[in-house]
1. Arrange the residues D56, D115 by how much accessible surface each exposes, largest first, with a 1.4 angstrom probe.
2. Rounded, prolate or oblate: pick one for region 81-125, where a ≥ b ≥ c are the square roots of the eigenvalues of its C-alpha gyration tensor, a/c under 1.5 means rounded, and failing that, prolate if a/b is larger than b/c, else oblate.
3. Quick one: length gained pulling H112 to S159 fully straight, 0.36 nm per residue minus the C-alpha distance?
4. Apply the a/c threshold of 1.5 to the C-alpha gyration tensor of region 51-103 and tell me whether it is rounded, prolate or oblate.
5. Rounded if a/c is under 1.5, else prolate if a/b is larger than b/c, else oblate: which is region 92-153, with a ≥ b ≥ c the root eigenvalues of its Cα gyration tensor?
6. Got a sec to turn the phi values of region 58-75 into Karplus ³J(HN,Hα) couplings, 6.51 cos²θ - 1.76 cosθ + 1.60 with θ = phi - 60°, whole Hz, x for Gly and Pro?
7. Cα centroid distance between region 59-80 and region 117-168, in Å?
8. I'd like the Karplus ³J(HN,Hα) series for region 85-96: coefficients 6.51, -1.76, 1.60, θ = phi - 60°, whole numbers in Hz, and an x wherever there's a Gly or Pro.
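The values are calculated or read from the model by the stated rules, or taken from the named source; none is laboratory data. Keep in mind it's a predicted model, so treat the numbers as computed, not measured. Using ideal geometry, Cβ is built from the backbone for each residue, glycine included, and neighbour counts are taken over all protein chains shown. The accessibility values were calculated without ligands, DNA or RNA, using every heavy atom of the protein model including side chains. Shrake-Rupley method; radii C 1.70, N 1.55, O 1.52, S 1.80 Å.
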Amino acid sequence: MTGLAATARTIAAMTAAVTLALAASCAPTPSDSPATGDGHTIEQDTDMTTIDIDIDIHGTMFTAQLEDNATARAFLDLLPTTLTMDELNGNEKYHYLDSSLPSEPQRVGTIHAGDIMLYGSDCIVLFYQTFRTPYSYTRIGSIADPGRLAHALGAGAASVTFTPEQAA
């Protein structure tokens, strides 16, 4: 029985060592997450810069946050611009640009109201309903509060003005 007891002690010691090593490797260090002073940490993402744009639809204002990708940056370079966006499927407005934007289409699965996407390489799409889709899009950005979006867009074509957000 002493051999079995020694084996059990060895396994217990190894388990404790592995647990301690895993806990130490997962714990944030002061350089990973700055402390708030109350023992909590703040998530900090230094790689990501967010850019907001303003969207005016027949006098109703919205703010959208752009993705951090080449498509969103190329779209931002086009601003300010006013697009006449046509209705499609009772859930989106679209406009074909005169030139292509960089694209990396992916199957998004679910479209959310307020999503701004690129279909193909030259079609800007503004969605005002949430639904599942098998189609592929490149994300450009999304409207922060799309609650009034469907009403603002109305039926038929809509005039939509996209402008870089003005610095405060």
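1. Numbers: D56 50, D115 10 Å².
Ranking D56, D115 by accessible area, largest first, yields D56, D115.
2. Numbers: a/c = 2.09, a/b = 1.07, b/c = 1.95.
Oblate shape, in that a/c is at least 1.5 and b/c is the bigger or equal ratio.
3. On the way: separation 47, 0.36 × 47 = 16.92 nm, distance 2.08 nm.
Extra length available between H112 and S159 comes to 14.8 nm.
4. On the way: a/c = 1.69, a/b = 1.19, b/c = 1.41.
Because a/c hits 1.5 or more and a/b fails to exceed b/c, region 51-103 counts as oblate.
5. Values: a/c = 2.15, a/b = 1.37, b/c = 1.56.
Because a/c hits 1.5 or more and a/b fails to exceed b/c, region 92-153 counts as oblate.
6. Those phi angles translate into 6, x, 9, 9, 9, 10, 10, 9, 7, 5, 9, 8, 5, 5, 4, 5, 5, 5 Hz.
7. 10
8. 9, 7, 7, 8, 6, x, 9, 7, 10, 9, 8, 8
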